[in-house]
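Chemist: Okay, here's the structure, questions in a sec.
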Amino acid sequence: MDKRYKLALVGATGVVGEVARKVLEEKKLPISEYVFFSSCRSAGKKLTFMEKEYIVRELKEDSFDEGFDFAIFSAGGDTSKKFAPIAASKGCIVVDNSSAWRMDENVPLIVPEVNSSEIKNHKGIIANPNCSTIQAVVPLKVLDNKYKIKRIVYSTYQAVSGAGIKGINDLVYGNDEGYKLQKFPYPIINNCLPHIDVFLDNGYTKEEEKMINETRKILNRPDLKITATTVRVPVMNSHSEAINVEFENNFELDELINELKNAKGIVVQDDIKRDVYPLAINATGHDEVFVGRIRRDFSVDYGINMWVVADNLRKGAASNAIQIVEELIKKDSLTK
Ligand SMILES: NC(=O)c1ccc[n+]([C@@H]2O[C@H](COP(=O)([O-])OP(=O)(O)OC[C@H]3O[C@@H](n4cnc5c(N)ncnc54)[C@H](OP(=O)(O)O)[C@@H]3O)[C@@H](O)[C@H]2O)c1
């Protein structure tokens, strides 16, 4: 009989956790046992999953003693910092959605379409990149392979769901009388906030720094010139990004578009004569990265602009993490 696995979902009651449960139901992986963890706040809560009822358990230091094959963590950086090494020390492979381990040189930072071959280098922890980085590197890797990227300029338009349940509440209830903002420093309704995560001494935000550093690590281009402005917008779900890319080599635009069309995980939606381009409302619920408005940047020798949209809770978090688990299962079955 084929091997069946045991998986822990840490942060199962959060926004990413909820989508992860949905994606796990859709994927039907060879997993025979699931355990859902949260903090003490949601412990005891009942969840229906694959038509069965589960009681959420409080995550504790001995939670991994019972033996797990995999754990997906979506419970914030502090929880990952403390509990991912404990899980890994008990033989469980952790796929971590937080930023805690992403830049650790012993931790592979994985987007399966881009660098799945690096999964094998893990020492118990694998990091899932930042949501805005994941959707960017899927098309950028294709273009880097073919034309060698010289410089990237990111401008993002990020949905409130990327800020978890508190961010969603600020959009949904922000106009209610007496409502006190839970996540953002200013109202998000009718507003754009050029401020995601904390400000750093160099004037950038941590989100901008994450996009720059994580892109370099995933593309394995440590010296690549990248700059970023990340902005929170009043959109419920799916991040949109205007990406300007300059190449070392010349290209034919038709050929470049075909490279993207033929790549795994990308859907090109680009027909301006019929007003066709990627939209957040259409990307939500899908795992692909949608690319459009692909056009030459006439201000440089070899460059383009493109508009890249993806569901930040699916491809940007839950689905990417579950794809990594799928790859681990595939590799495990090959070694049997
Ligand atoms: N939202 C996105 O688009 C996105 C994308 C990529 C990565 N991420 C990352 O994924 C993580 C979760 O984000 P989210 O948006 O789902 O946040 P969220 O909606 O606030 O959910 C947080 C989850 O973590 C749990 N949790 C908090 N402290 C815990 C602890 N000490 N022990 C165990 N569980 C604990 C919460 O449990 P309770 O119910 O008990 O509070 C809840 O299940 C974060 O690290 C975030 O950076 C989010």
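Read the figures in this text as sums done on the coordinates, not as results from a lab. Because the structure is predicted, anything quoted here is derived from the model rather than measured. Cβ: placed from backbone, ideal geometry, glycine included. Neighbour counts: every protein chain shown.
Chemist: Across all directions of projection, what mean area in square nanometres is found for the Cα convex hull of region 182-336? If you can, show how the numbers build up before the last one.
Modeler: Values: hull surface 51.6 nm².
About 12.9 nm², averaged over all directions.
Chemist: Mind giving me the nanometre distance, one decimal, between the label points for T48 and D254, set 7 Å out from Cα along Cα→Cβ?
Modeler: 5.4 nm
Chemist: D for region 20-142, whole µm²/s, Stokes-Einstein with Kirkwood Rh over alpha-carbon pairs at 4 °C and 1.567 mPa s: what number? Display every interim value, and only then the final one.
Modeler: Details: Rh = 15.6 Å.
After rounding, the answer is 83 µm²/s.
Chemist: To continue, here is another question. Please report the orientation-averaged projected area of region 159-269, defined via the convex hull of its C-alpha atoms, in nm². Please report the intermediate quantities before stating the final value.
Modeler: Numbers: hull surface 37.6 nm².
So the mean shadow area of the Cα hull is 9.4 nm².
Chemist: If you don't mind, another one. To the nearest 10 degrees, how steeply does helix 319-335 sit against the main Cα axis of the chain, on a 0 to 90 scale?
Modeler: Tilt of helix 319-335: around 70 degrees.
Chemist: At 0.36 nm per residue, and after removing the present C-alpha to C-alpha distance, how many nm does the segment from V231 to E18 gain when stretched out fully?
Modeler: Numbers: separation 213, 0.36 × 213 = 76.68 nm, distance 2.46 nm.
Taking 0.36 nm per residue and subtracting the Cα distance, the gain is 74.2 nm.
Chemist: Now a separate question. Give the peptides 238-245, 102-109 in descending order of average Cβ contacts within 10 Å, highest first.
Modeler: Details: 238-245: 23.2, 102-109: 16.6.
Final packing ranking: 238-245, 102-109.
Chemist: How many angstrom lie between the C-alpha centres of region 186-261 and region 23-45?
Modeler: Region 186-261 and region 23-45 have Cα centres separated by 32 Å.
Chemist: Right, another one. Sort 225-235, 204-214, 174-184, 130-140 for me by packing, meaning the mean count of neighbouring Cβ atoms within 10 Å per residue, highest on top.
Modeler: 130-140, 204-214, 225-235, 174-184
Chemist: Okay, next question. Along each of the three principal axes of the Cα atoms of the chain, give the extent in whole Å, ordering the values from largest to smallest.
Modeler: Extents along the principal axes, in whole Å: 59, 59, 42.
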